[in-house]
Amino acid sequence: MKSLKALYRIGAGPSSSHTMGPERIARRFLTLFPDAAHYRVTLYGSLAATGRGHGTDTVIRRVMPADTEVIFASENTEIEHPNTMDLTAEYRDHTETRRAYSLGGGAIAFRGEANEEEPEIYTLSTFREIADLCRERGWRLSDYVFATEGEEIREYLLTVWKTMCACIDEGLSTTGILPGGLGVARKAHDLYEHRDASEPADVAEDRLVCAYAYATAEQNASGGTVVTAPTCGAAGVMPAALKYMQVTHDFSDDRIVRALAAGGLVGNLIKTNASISGAECGCQAEIGSATSMTAAALAELFERPIAELEYAAELSMEHHLGLTCDPVRGLVQIPCIERNAVAALRAINAISLAGFLTNTRKVSFDTIVHTMYETGRDLGRGYRETSEKGLASLYRDQDEGRA
């Protein structure tokens, strides 16, 4: 497995697979073939289907010359990966073309080339192997991360946390309508400002967690700076739950860093053994993975046993199985923003349930990751970030309860 730096990426939203990945691909292609007379980028699969809504063409032209031709080849479905793009540089005497893939979470690959910028540093790749080692050495999951990556990962994770908090703060203070034409109003500010001291404790918790989740998800939808956890579309889940716990329990940043390490390790296992890409496996791979990561992070934060951490992460994914990725008009707004809030609350609930019932569990985390991957691959193409089916195809502006 790769470093957590390859999982927690800091960059602009609204999509790690549709903006961060293509941006990195375009930059690399431009360094390989500078000064061409003309450039052309052809998008396939999910990039073609929802690239306009996600701003894929915009980010490509921001990196490459403004007159770069961007083609949305949505009719071509014979591709190796759902986020495939061809980049062409035309010179006077020859043409150079490369095929690249946006793998999810900002990760990229070029066909036929080894991804040397992200070396494999973890030798263990299943939860069971890692848990057995930790029990043998008396480690927590975060200790395993620090032992594997070195102490410098602490500094990086602290930067990740500060970025998450800055994103929440900016989202809570911003009002207005999100870009894209759906007319979705920002709600984080109102959720936060309308708190009432007379509210029951459980209601107050829900409101604050949701405010934090909305703040991040709305910043992402507007192209703000977020941290992939594990993706842009699911970036609000982990910050919301951890911020709430720090505010209400006064956890130190060092404890939060440990939580991010454990949660990131869980995310890395999902990324390695299944997928974190909505285009490949539906929203279960994004929101489901984020919920598992957050549940694991919370278990680490409260220093729960590894068995409880595993159960919390497992049941968080189990009850997202089959979740479709059907963003309305290809925008990361409906239903994506709400899902971040629901998932953050579910992760908190998962910790409680794991504490009650860990000794009765029957399904391992490794098994649920494999199940998610198989389920995702069986989902129809229209339910894997193409906006062709589900809510994306049935939503109408005149619907009752319009945003």
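The values are calculated or read from the model by the stated rules, or taken from the named source; none is laboratory data. Note that the structure is predicted; figures quoted are calculated from it, not measured. Cβ coordinates were reconstructed from backbone atoms using ideal geometry, including for glycine residues, and neighbour counts include every protein chain displayed. Heavy atoms of the whole protein, side chains included, go into the accessibility calculation; ligands, DNA and RNA do not. Shrake-Rupley method; radii C 1.70, N 1.55, O 1.52, S 1.80 Å.
Counting Lys and Arg as +1 and Asp and Glu as -1, what is the net charge of the other residues whose Cβ lies under 14 Å from the Cβ of Glu129?
Taking every other residue near Glu129 into account, the sum is -1.
Relative to the compact globular guide of 2.2 N^0.38 Å, what is the alpha carbon radius of gyration of segment 85-126, as a ratio?
Working it through for segment 85-126, the quotient is 1.63.
Lys/Arg Cβ at +1, Asp/Glu Cβ at -1, dipole of the chain taken about the Cα centre: which of Leu265, Ile71, Leu4 is farthest positive-ward?
Ile71
What number does the chain give for Rg over Rh if you use C-alpha atoms and the Kirkwood radius?
0.97
Report the paramagnetic label zone for Asp253: residues of segment 291-306 whose backbone N is under 20 Å from a point 7 Å from Cα along the Cα-to-Cβ axis.
298, 301-302, by backbone N distance to the label point.
For the chain, which DSSP H helices look membrane-span-like by this rule: Cα extent along the axis of 27 Å or more and mean Kyte-Doolittle of at least 0.5?
Membrane-span-like by this rule: 336-357.
Strictly under 4.7 angstrom between C-beta atoms: which cysteines of the chain have no such partner?
By the Cβ distance rule, which asks for a partner under 4.7 Å, the isolated cysteines are Cys134, Cys165, Cys167, Cys210, Cys232, Cys281, Cys336.
Using a 1.4 Å probe and counting only protein heavy atoms, arrange Phe29, Phe72 so the residue with the most accessible area comes first.
Phe72, Phe29
If you project the alpha carbons of segment 309-403 onto their three principal axes, what span does each projection cover, largest first, in Å?
Ordered largest first, segment 309-403 gives principal extents of 49, 28, 17 Å.
Taking the Cα centre as origin and putting +1 on Lys and Arg beta-carbons and -1 on Asp and Glu beta-carbons, what dipole magnitude results for segment 39-95, to the nearest 20 debye?
Its charge dipole is roughly 280 debye.
Taking the Cα centre of the chain as origin, sum charge times position over the Cβ atoms of Lys and Arg (+1) and Asp and Glu (-1), and report the length of that vector in debye to the nearest 20.
Computed about the Cα centre, the dipole is about 240 debye.
On full extension of the chain, what length is gained from Thr31 through Glu69, given 0.36 nm per residue of separation minus the C-alpha to C-alpha distance?
11.9 nm
Rounded to the nearest angstrom and ordered from largest down, what semi-axes does the equivalent ellipsoid of segment 104-234 get from its C-alpha gyration tensor (root of 5λ)?
Value: 35, 23, 12 Å, ordered largest first.
Between Leu178, Tyr214, Thr225, whose Cα lies farthest towards the positive end of the dipole of segment 173-291 when Lys and Arg beta carbons carry +1 and Asp and Glu beta carbons carry -1, centred on the Cα centre?
Selected residue: Thr225.
Once a ≥ b ≥ c are taken as the square roots of the eigenvalues of the Cα gyration tensor of segment 44-97, is the result rounded (a/c under 1.5), prolate (a/b larger than b/c) or oblate (a/b not larger than b/c)?
Because a/c hits 1.5 or more and a/b fails to exceed b/c, segment 44-97 counts as oblate.
In bins 5 Å wide, starting from 0, what share of all Cα pairs of segment 285-340 does each bin hold, as a percent?
P(r) over segment 285-340, rounded to whole percents: 4, 21, 23, 18, 14, 10, 6, 3, 1.
If every alpha-carbon in segment 1-142 counts as one equal scatterer, what log10 I(q)/I(0) does Debye give at q = 0.12, 0.17, 0.18 1/Å?
The computed values of log10 I(q)/I(0) come out as -0.55, -0.92, -1.00.
Charges at C-beta only: +1 for Lys and Arg, -1 for Asp and Glu. How large is the resulting dipole of segment 229-383 about its Cα centre, in Debye rounded to 20?
In total the dipole reaches around 220 debye.
How long is segment 127-189 along each principal axis, judged by its Cα atoms, biggest number first, in Å?
54, 25, 18
Could you report the accessible area of Lys271 in Å², rounded to 10, computed with a 1.4 Å probe on the protein chains as they sit in the structure?
Its accessible surface works out to 50 Å², give or take rounding.
For the chain, which whole-number percentage of the solvent-accessible area (1.4 Å probe, protein heavy atoms only) is attributable to carbon and sulfur atoms?
Exposed carbon and sulfur together represent 47 percent of the surface.
Put +1 on the Cβ of each Lys and Arg and -1 on the Cβ of each Asp and Glu in the chain; which of Ile287, Leu309, Gly355 then has its Cα farthest toward the positive end of the dipole?
Checking the options against the dipole of the chain, the answer is Ile287.
When ligands, DNA and RNA are left out and all protein chains stay put, how many square angstrom of accessible area per residue does the chain have with a 1.4 Å probe?
Value returned for the chain: 41 Å² of accessible area per residue.
Would you calculate, for the chain, the mean residue ellipticity at 222 nm contributed by helices, counting each DSSP H stretch of 4 or more residues as -39,500 (n - 2.57) and dividing by all residues, to the nearest 500?
Mean residue ellipticity, 222 nm, calculated: -16000 deg cm²/dmol.
Measure off 7 Å from each Cα along the Cα-to-Cβ vector at Phe302 and Ser125, then give the distance between these two points in nanometres to one decimal.
Those two pseudo-labels are separated by 3.3 nm.
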